[in-house]
Every structure is written in structure tokens, then in C-alpha cells.
Amino acid sequence: MEIRQLQYFLVLCNELHFSEAAFKLGISQPTLSQQIRVLEDELGVPLFDRIGKKTFKTEAGNLLEHHAIQVIQQLENAKNAISDLTNLNTGHLRVAVLPSDLDYRLTSLLVDFHKEFPHTKVQVIPSIDILNKVLDNEVDIGVGLEIQLDHRLNCIPCYTETYSLYVNKEHALAEEDMIVAENLINIPIVMYPKGFYGRDLIDTWCTNQQISIDPIMETGSVTSLLQLVKEGIGATIQPSQLIDSFQSLDIRAISIKHSPTRKLEMFYRNDKYLSQSAQAFLKRMETFFASELM
């Protein structure tokens, strides 16, 4: 059994179509079929059922897929570890983060990280599907809301933060130190669209507080939301620490009693090799979030 054959097999598992898998691999369909037959002959069982024009994995195919993924991942880990040893501070780091507010706040961290690892290419990818991006190996590290325990992942808690009501300096509530949930009912609100983490969290909190809010305007950018606040279009509910990045807009963050909260954590696959630069990035993230709480 060769690594190349396992790679062919895994592509076919994903495509479940010989022609499309062969095209993706850059080989002919007869070549792919022949390599799959070699695997099946070696194992003594069929790996795929071919019914008409459709292809299905057999029980043996599902079992081999599970182990083949681990074999390919371990091989990739070995290559990355050796590359990390011989090419210190180089490589490619992919980090998925919550869109809008979190990716916006990481700029200072990225500047400092680049100074230490100038040859490491960093991609910060805003996403509302962070968990699957990590599990599917599309990114190396995810930074998002606390997730349920998963045996495939290592999780590092970052911190818990509250939310505040953001208003412009002329707003009737601008001088208040704290408000209660009921104060929000008749206030024009601008928010993220449904489906964004921040919006879904606020909607759930409102339900628990037995209130409802109906935003007069929705946008997926925190910058545009706070610009709308500055112009007096409405108020918004955002993470409390975000105000530090928008001091120049003359807006205020007012504490909310029993406010919405979110727990953030970093997570990555426990079967994936993390380069020295990736490990350094995780440590910097921990320090960054700890400083925001001070």
C-alpha cells in the first residue's frame, strides 16, 4: 500500500465520482480505477460500490478513509516539523476569527508578531464557521466562541467579556453609567444581520431577558455600525472592550446590567503539528486577551 494510492483513495472518497476525482488529481480515469483495484486486491475487500453512474463507499471504504486521513495527516506533520527545524521562522499560518469586531482588534498583535517572525506568512480569515474550518484543516488555529468539548481539538480559554450599549455623545443615555435591559426596548438599534455570532448572541440574551429589539438598520461591519452610532442613526450593542479601538468617534459604551457575555477560546486539531511560529502566536494571543482585561 503506497501513500500515493491512499491520496488517490481519499480524493475519490470526497468526490464519489471517478471522472471528477481523476480530473482533480490530474490523472486519467483508467489510472485511478487501476490504483483503486490494486488497493482492493491488497485488502481483499471492495472499497466502493458502483451502482449505475453513482459511487458509494462500502463499510470497508469508510474504515479505510478514517485511518488514511490519520496517515496522511501524520505524514504532513512530519514534513512540517522537519521544515520548521530547517527553515526557522518561515512558513504559513492561517487563523480563523470572528468577523468584524475580533479581526479588527488583532492589528496590534499582528504587527508585533510580524516583527518576531517576519518571514511567516499570516492569513487572518474572518468566518462564522470557525469550527469546521479547523476540523477540515482549512486553517491552523481558530479563535471564536467557546465550543463543546471535542476529542479532536485542543482548546485554550481566552477570556470572558461583557457587552455594552454604544451611543453617541448627544444621546439621551450618554451620561448614564449603567442601564437595564428594559431601557433598550424603545431605542433605535443598529446591529449585525442574523447569522452573525454577535447578533445571535444578543437575540438569545433578549429572549432570556423577555424583551425584543427590532434593528432599524443592519450591516456586517463593526466600523459601519459605529459610524451609524456616531451619526445618531441608532445605538448598538457590542463587546465592551471594543470602545478602546474607536475613541476618536465620540461615542460612549454604557454598561448593561446582567449584560450579554461571551466566552472566547482558541482551538486547533490535536493531531496537527503546530510550528514554532504557530505556538508563539497562541502565546501572544493569550497575552493579548489577558491585557484587555486589565
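Please treat every number below as a calculation from the coordinates, not as lab data. All values reported here derive from a predicted model rather than from experimental measurement. Glycine gets a Cβ as well: all are built from the backbone with ideal geometry, and neighbour counts include every protein chain shown.
Reported value for segment 128-180: 138 Å³ per residue, from the convex hull of its C-alpha atoms.
Note on segment 8-50: Rg/Rh from C-alpha atoms, Kirkwood Rh, equals 0.94. Extension gain for residue 135-residue 45 works out to 29.5 nm (0.36 nm per residue, less the C-alpha to C-alpha distance).
Identify all lysines with a Cα-Cα distance to residue 194 below 23 Å; exclude those on the same chain that are fewer than 8 residues away in sequence. Result set, ordered by chain and number: 133, 230, 263. Contact order for the chain, expressed relative to its length and based on alpha carbon pairs under 8 Å spaced 6+ residues apart, stands at 22 percent. Among beta bridges from DSSP that stay inside segment 1-149, the antiparallel ones total about 25%. One chain, two ends: residue 24 and residue 212. Fully extended at 0.36 nm per residue, the span grows by 62.7 nm beyond their Cα-Cα distance. Scalar couplings 3J(HN,Hα) for segment 265-275, obtained by applying the Karplus form with A = 6.51, B = -1.76, C = 1.60 to θ = phi - 60°, are 8, 9, 8, 8, 5, 7, 9, 10, 6, 9, 5 Hz; x denotes Gly and Pro. Residues of segment 223-256 with the amide nitrogen closer than 12 Å to a label point 7 Å from the Cα of residue 169, along Cα-to-Cβ, please. Label zone hits: 247-252. In this simple spin-label model, placing a label point 7 Å from the Cα along the Cα-to-Cβ direction at both residue 154 and residue 92 gives a separation of 2.2 nm. Counting only the Cα atoms, segment 205-282 fills a convex hull of 166 Å³ per residue. For the chain, the longest principal axis of the Cα atoms and the long axis of helix 276-292 meet at an angle of about 20 degrees.
Dividing the convex hull volume of the alpha-carbon atoms in segment 155-274 by its residue count gives 125 Å³ per residue. For the peptides 237-244, 202-209, the ranking by mean Cβ contacts within 10 Å, running from highest to lowest, is 237-244, 202-209. Backbone N atoms of segment 142-163 closer than 19 Å to the 7 Å Cα→Cβ label point of residue 66 belong to residues 150-153.
Of the Cα atoms belonging to the chain, the radius of gyration and Dmax stand at 24.6, 77 Å. Its Cα gyration tensor gives segment 3-84 an equivalent ellipsoid, and the semi-axes of that ellipsoid, as √(5λ) in whole Å with the largest first, are 24, 15, 11.
Cα centroids of segment 23-48 and segment 145-165: 42 Å apart. Residues 197, 163, arranged from fewest to most other Cβ atoms within 10 angstrom of their Cβ, appear as 197, 163.
Overall dimensions of segment 1-150, expressed as equivalent-ellipsoid semi-axes from the Cα gyration tensor (√(5λ), whole Å, largest first), are 38, 19, 14.
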